[in-house]
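Notes follow the structure.
Derivation of every value follows stated rules applied to the coordinates shown; laboratory data play no part. Note that the structure is predicted; figures quoted are calculated from it, not measured. Cβ atoms come from the backbone with ideal geometry, glycine included; neighbour counts cover every protein chain shown.
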Amino acid sequence: MADIGADPSLGDLSRAELGELLEGEPAYRLDQVWEGLYRQRRPLAEITNVPKSLRRAISELLPPALTLVRTQSADRGTTTKHLWSLRDGHLVESVLMRYRDRTTLCISSQAGCAMACSFCATGQVGFDRNLSVGEIVEQVLGTLQQASSTDRAARGGAINIVFMGMGEPLANYESVWAAVERFHADMGIGARHITVSTVGVIPGIERMAKARLPVNLAVSLHAANDRLRNRIAPINRTYPLRDLARALTDYRRAKRRRISLEWAMIGGVNDTDRDAAELAAYTRPLAAHVNLIPLNPTPGYSHEPSPAERIEHFAAELSSLGVNATVRRNRGTSIDAACGQLRADKLVSIRKGSARARAER
Ligand code: SAH
């Protein structure tokens, strides 16, 4: 069998690797298992056209990478957060968001994160480790399997996958890219429906520019001058704004895809007219789109989100400076599932829950 690392899970294997494992079985068995898993998006146990004994043998050899620990819902059931336990006990989260015409799945690429952005809950807890291909792929498969069987969008409908959960995807390039290829080739999800979000890890952006699939690139900018960005997104000290702009220009040229810049609106920190002017000057040559995200509360950051009127004004300011900007409506804040709130910490939520219960008494 090909070298796929120690104790692989089913999601770690490519089609060819599973094929090697099924040697001796009739050739159509591989098609049945693969189609069942990735096209029909069914759990192995439910791929009933494959003999039970074979299903059992596969699951014994390739046990699941993830165990579901907890599911929480918000926004009238349209936002669902799953907390998964990895085999070594680390925890990661993924979020499913249903819209009228599509389903967006926000997945994690690392347990924790080493980028240390001050306003992000994942950055505040620090880094545990990279996720394997299987741990990334199984977040998608597991989430879709959890979605109700009547939910056609989740089962067969249009899906967007965004690497906007925990971790920095371009600091775990190999696994992330293998997962992207799996989503594309085996699940039939188009490159336009896959988004990699990065804080600006330039070597990763350069590799993506050379890769075959033109996936969407989102960059978490949050500041358009080095002094402020060094402070709130410290990776900027390694990959400063000017170098980042060069890498983004190359990506846009290579892929002909519009880049998005993410900007958390932090009251009094990056929401002045001067910030808007700097952001506009940075964005215009890139012809990028700006997403403004009202800052979500996190345990380790005391700043407040910009007031709604300030955000509207900032967006209008950008528009008058020739930049397209939209304000992102936050989903899942009540269950800590919104941008920057994932920290996969059971204790925090339990404590918060009991604090809330006390307050209500
Ligand atoms: N490391 C990658 C992937 C994480 S994506 C990246 O930085 O892009 C998570 C998104 O939420 C990023 O755009 C991030 O900057 C943003 N974010 C982090 N903390 C936030 C907060 N407290 N409020 C709003 N957005 C936040």
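Tabulated values for the structure
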item	result
Helix axis angle, 52-61 relative to the chain longest principal axis, alpha carbon, degrees	50 degrees
In degrees, nearest ten, helix 173-185 long axis to first principal axis of the chain (Cα)	60 degrees
Extension reserve of the R39-D250 stretch, reckoned as 0.36 nm per residue once the Cα distance is removed	72.6 nm
Chain lengthening between D226 and S319 when straightened (0.36 nm per residue, less Cα-Cα)	31.2 nm
Projected label distance in nm at R87 and S59, using a 7 Å step from Cα toward the beta-carbon	1.6 nm
Free-standing Cys residues across the chain, given no other cysteine C-beta under 4.7 angstrom	C106, C113, C339
Ellipsoid semi-axes in whole angstrom, largest first, where each is sqrt(5λ) of the Cα gyration tensor of the stretch 70-132	24, 14, 11
Built amide H within the under 5 Å cut-off of S197, gap 5+	F163, A218
Degrees separating the helix 241-255 axis from the principal Cα axis of the chain, which is the longest one	50 degrees
Residue order, fewest to most beta carbons within 10 Å, for I235, I136	I235, I136
Where a label projected 7 Å from the Cα of T326 along Cα→Cβ would reach, residues of the stretch 196-225 with amide N under 16 Å	196, 216-219
Sorted largest first, extent of the stretch 1-80 alpha carbons per principal axis (Å)	49, 29, 20
Quotient of Cα Rg and 2.2 N^0.38 Å for the chain, N being how many residues it contains	1.02
Selection of trypsin sites (Lys or Arg not before Pro), the stretch 90-191, meeting DSSP coil and at most 12 other Cβ within 10 Å	R100
Sequence-distant residues sharing a close amide H with L66 (under 5 Å, placed H)	none
Mean projected area in nm² (Cα convex hull; one quarter of hull surface) for the stretch 4-139	10.2 nm²
Fluctuation leader among L61, L96, L279 - the chain, Gaussian network, Cα springs under 10 angstrom	L61
Test item: Cα-centred dipole of the stretch 179-243, Lys/Arg +1 and Asp/Glu -1 on Cβ, debye	200 debye
Placed amide H near V327: partners under 5 Å, 5+ positions off or other chain	L292
For the stretch 261-278, 3J(HN,Hα) per residue [Karplus equation, 6.51 cos²θ - 1.76 cosθ + 1.60, θ = phi - 60°, Hz, x = Gly/Pro]	10, 9, 9, 6, 8, 10, x, x, 9, 9, 10, 8, 4, 5, 4, 4, 5, 5
